[in-house]
1. When only C-alpha pairs under 8 Å and at least 6 residues apart count, what is the relative contact order of the chain, in percent?
2. Per 5 Å bin, what is the whole-percent P(r) computed from every C-alpha pair distance within region 13-121?
3. What is the ratio of the Cα radius of gyration of region 134-245 to 2.2 N^0.38 Å, with N the residue count, to two decimals?
4. Let me confirm the definition first: pairs of Lys residues in the chain, 8 or more apart or on different chains, C-alpha distance under 23 Å. How many are there?
5. Which percent of the accessible area of region 47-201 is formed by carbon and sulfur heavy atoms (probe 1.4 angstrom)?
6. For the chain, what does -39500 (n - 2.57) per DSSP helix run (n ≥ 4), summed and divided by total residues, give at 222 nm, in deg cm²/dmol to the nearest 500?
7. R0 = 45 Å: FRET efficiency of L306 with E196, Cβ-based, nearest 0.05?
8. With an 8 Å cut-off on Cα pairs and a minimum separation of 6 or more residues, tell me the relative contact order of region 59-129 in percent.
Amino acid sequence: MSINCTIVTGFILLGFSGITQHQISVFTIFLCTYIITLAGNLSIIITYKLSPSLHTPMYFFLANFSLLEILYVSCTVPKMLSSLLSDCSKVISFSGCAIQMYCFLLFGGTECYMLAAMAYDRYNAICHPLLYTLIMREIVCIRHIVGSYVISAVNSLIHTVFTFSLPFCGSNEIDHFFCDVPPVLELSCQDIWVNELVIFVVGGSVVIGSFIVTMISYIEIISKILKLHSASGKKKTFATCSSHLIVVTIFYGSTIFMYFRPRSSYRIGQNSLVSLMYTIIAPLLNPFIYSLRNKEVKSSIKNVFLKQMKF
């Protein structure tokens, strides 16, 4: 791929270069998706702020999760959109690539722990209802949020430093639409077994560790639900956590497939397609999953809208 630009250092994000004849259409689709994602997650944050009835640990986590989703998509999608409009915009400097990788891993790792914290919240609400307000105090919820960011910041720093400490030679074309770890490692002219080990050990402790906490919480929740005698009680109880379970399945399924598969199974263009699931599709669906499947959120959104219309 040849790009006539004055910048000669850094990387070239190939992204969706194979569909040049449809780039305007793809740009329009992704731009609309990005705007809807921002609007949807922002509406949840505003609804939480303006609805006293939602000031509970569950919706506190949901509002923070929505803010995280806005930051998460904003570190990759704007660059991807610009690269669809101009070949020169496909170029990204080494420092720019490192910053993008760090931010993506920071928000992605935080999302893992945030999902685990939300699962833990639902576990306490369903399995320990009498102790729920004592266990999930405001300070405890804040510690979960801060802890998620701190752990993820350390994790993302480790991966970014290890990746950009490698020598890069030969091709500088990244087979992806953003600077993710696996496609960048492919460009190194040095053996990357240490980096792969870091991904499995350090990255695994974040993704798999938080996934195990989430699954244990839901195993306990499902076990509690099955013990209920009332069919309506089972349905109502499961409804409070089914939305979160759908989000967990989409996010973890695509993330684990991307980072913890054998290197020999990589295919050209596959990175971009798989990454779309957890970088664009999941953040887009989250507001709809949480709002359309939650009567309390839908009612609060309606009330906020009506109040603003009256005002």
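The values are calculated or read from the model by the stated rules, or taken from the named source; none is laboratory data. All values reported here derive from a predicted model rather than from experimental measurement. FYI the Cβ positions are ideal-geometry reconstructions off the backbone, even for glycines, and counts take in every protein chain you see. Areas reflect the complete protein model, heavy atoms only, side chains present, ligands, DNA and RNA absent. Shrake-Rupley method; radii C 1.70, N 1.55, O 1.52, S 1.80 Å.
1. The normalised contact order for the chain reaches 26 percent.
2. Over region 13-121, the share of Cα pairs per 5 Å bin runs 2, 11, 17, 17, 17, 14, 10, 7, 4, 1, 0 percent.
3. My calculation over the Cα atoms of region 134-245 gives 1.57.
4. Going through the chain pair by pair, I get 24.
5. 70 percent
6. Using -39500 (n - 2.57) per qualifying helix, the result is -23500 deg cm²/dmol.
7. The value I calculate is 0.25.
8. Answer for region 59-129 is 43 percent.
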